[in-house]
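I have placed the structure first, in the form of C-alpha cells, so that the comments after it can refer back to it.
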Ligand SMILES: Nc1ncnc2c1ncn2[C@@H]1O[C@H](COP(=O)(O)OP(=O)(O)O)[C@@H](O)[C@H]1O
Ligand SMILES: [Mg+2]
C-alpha cells in the first residue's frame, strides 16, 4: 500500500495536550506526505504546532489519534522501546539547542547513537564518527568538548551525530534559531549539500529566508496545514554565503 | 548493549563528574571502612582473650555467692546468702582433692605511702593464695599462718601499686596506710598483667584476711573463695566435692538449689568470650548501620543526579536509548561506584585497623570473610539504592526530559 519512495505519511494526525481541565489541540488533523529526497521547510507562527508535529514525526512522542507511517512502518502505536530503536535507526534529530552531552568530546557525542545500536552495524564506531564529522566540515576539533566549540560548530557536531547511523530522515527543529545569520547560511548550505546527496530533510523555521533554502514549504496554523507548495525560486545557500561574505567585506 | 559498553558508559559518567562521584562513594567508603575496623577490633579482642585463656592455669576454681541459675552468670548481687569464713574452713578441712583454698575479701580504698597515694583494691586472703593463683614474689615474702592468726598488719603489694607508690625503690620494709591503719610491706608480687576482661591484676594489695576483716573499718564481705587442684584432670571431681561441702555448710535441703556458684577457669573464659562475641556483633551492627546510611547517601545523590541529568537522559533517549538502557546505565553506575567505594573502604579499613592497633595497643584482626561480606554488601547497597533512581530515570518521557532546564 506504500510507495517505496514515501518516507513520511500521516493521516488525521491529532495531538491534544490536557492540562487539568483545559485541553490544547496542538495538532488538529494533519495529512502529510514526504517522499524520498525532499527538503521541506515547516513554517508557522509560534504555537502553531510545528514542534509538536516534529516530535511526533521524530518518534519522540505519540499522536493522540491518526496514523503515521515512517519508511513504510506504522509507528504511532509502537511500544516505547521499539520507538527508541526507530529513533536510533531511521531518524536523525537536530535541535535548536544542539543537545550535545556536556563534558563529552565531539567525537564521543557523535559515537553515542552507535552505542545504542543493536543491529550489529556498530563496528568501527570511532572511524564512522570521524567520517561523519568530516562530512559536516569538522575534521579538526573533534576532541573538543561542546563548551569549547562555537554555536555553529556545536550544531555541526549535532548534525554529524544525526547522520552517523545513516537515517532515512533528518529532522531539524529550528536548527538555526540560536545561530547568527552567517552561521545560519552555513548550516543551511550543509543541509542542502546533504539533501543533494539524497538525504530527506525536514526543517522547522519561522524565518522566510531560511525556508527558501528548502524545496517545499508547509505552513501550519492552529495545528492545521494551511499552505503546502513548492519553492519557486529556491535559494542556493552556497551562493548566498558568497554574497553575504562579499557584503561584509564591502561594509568593512 | 554489550556489558563492556555499559561499563564504559558508566565509567565515563563517573569520571566526568569526579566531585559528584566522590560524594556518592563517600558513604560507602566510610561504611565499609567502619565495618572492617570495628570487626577487626572485635575479632582482635577475641583472639587476645583466647591467648590469655591459653596462658592461664586451668586448675583454678572460683566459688561465688548466689545461684548460677539466677540470670545466668550471677555475681550474687542481691542475694544475702553470703560466703562465710566457716565455708572456707570447712573446705580447707574436708576437701580431699584441693591443693589450696583461700577466701578473698575485697574492699577498695586509698593506699597512702611512699611518694603519694593510690586508689586500689585490698584483697584479704589466706596463705595459700599465691599457690592457688600460681603467683610468685618479686621481692620479700608472703605472709604466713602466724600473721593470719596474729591479725598482723602486713601487706604484699601488686606490681602496679608498688610502682605507683615507690617508683623504682624497694617497697619491702616500708609502710603504707590503708584507711589510716599502717601496714608493713613484707613483699611485692611479680607482674601478672591483665585479665581477659582487661582489668589490671597487679593493681592490688594483699593482706591477711583476718586483718582486713578486723582492722580495716568499713563493710567487708567474702567476694569469693578460690581453690585449686593438683592437676586439671581433678577439676570436675573437685567441683563436685566443693559443691557437697558447700551445701552441707549452707544447710541446703536435698532438692533445693545451690545458693553459690562454682566455676572453673574455662567457664570464666567462656563468659568473657561470649561477652566479646556480643561486642563484636554490636560493633558490626553499628558499622552495618553506617553502611546503610552510606547506601541512602548513594540513593540521594543518584536521585539528585537523575534530576540534574534529566537533559542528558533526554538526549540519550532521543538518539535511541531505550528505557532499559537508561535503567542499566544508572544501575551499573551505582554498582560500579559502590564497588570502587567498597574497595577504597577496604583499603581505609585495613589502614584504620592498623592505626587503631598502633595508637591504642589493641589487638586487631582482619578476616577475609569480613572483607568479602563488606564488598558483597556494598554491591548490594549499590543495586538496592541505585534501583529507585534508575527506574525513575528510565520512566522519563524523552520530550519532557529534553525540555527540562
Ligand atoms: N507539553 C505541552 N503541554 C501542554 N501544551 C503544550 C505542550 N507542548 C506544546 N503545547 C501547546 O501546543 C501548542 C503548539 O505548541 P508547539 O508545537 O510547541 O508550537 P510551535 O513549535 O509551533 O511554537 C501551543 O499552544 C503550546 O502551548
Ligand atoms: Mg517550537
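A short reminder: the numbers here are calculations on the coordinates, not readings from a lab. What you see is a predicted model; the values in this text were computed from it and never measured. With ideal geometry, Cβ positions are generated from the backbone for all residues, glycine too; neighbour counts draw on all protein chains shown.
Summary table
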item: Taking B:102, A:79, B:334 and counting other C-beta atoms within 10 Å, the order from fewest to most; result: A:79, B:102, B:334
item: Most to least packed among B:202-208, B:128-134 [average Cβ atoms within 10 Å]; result: B:202-208, B:128-134
item: Whole-angstrom gap from region B:267-326 to region A:142-200, using each part's C-alpha centre; result: 43 Å
item: Crossing angle, helix B:18-55 versus chain B [Cα axis fit, 0-90 degrees, rounded to tens]; result: 20 degrees
item: Shape category assigned to chain A from the gyration tensor of Cα positions, a/c cut at 1.5; result: oblate
item: Ranked packing of B:310-323, B:223-236, A:169-182, most packed first, by mean Cβ within 10 Å; result: B:310-323, A:169-182, B:223-236
item: Within 10 Å of each Cβ in A:80-87, the average number of Cβ atoms from other chains; result: 5
item: Separation in nanometres of the label points that stand 7 Å from Cα toward Cβ, at residue A:102 and residue A:182; result: 2.9 nm
item: Prolate/oblate/rounded call for region A:1-114, Cα gyration tensor, a/c under 1.5 rounded; result: oblate
item: Likely footprinting exposure, A:206, B:358, fewest C-beta neighbours within 10 Å first; result: B:358, A:206
item: Length-normalised contact order of chain A in % [C-alpha pairs under 8 Å, at least 6 apart]; result: 26 percent
item: Contact order relative to length of chain B, as percent, for alpha carbon pairs under 8 angstrom and 6 or more apart; result: 30 percent
item: Number of partner chain Cβ atoms within 10 Å, mean per residue of A:88-100; result: 3
item: B:328, A:35 arranged by Cβ crowding within 10 Å, fewest neighbours leading; result: A:35, B:328
item: Two-site FRET efficiency, residue B:404 against residue B:275, from Cβ-Cβ distance with R₀ of 51 Å, rounded to 0.05; result: 0.35
item: Efficiency of FRET from Cβ geometry, residue A:22 and residue B:19, R₀ 56 Å, rounded to 0.05; result: 0.85
item: Value at 222 nm in deg cm²/dmol, rounded to 500, when DSSP H runs of n ≥ 4 in the protein assembly as shown each add -39,500 (n - 2.57); result: -15500 deg cm²/dmol
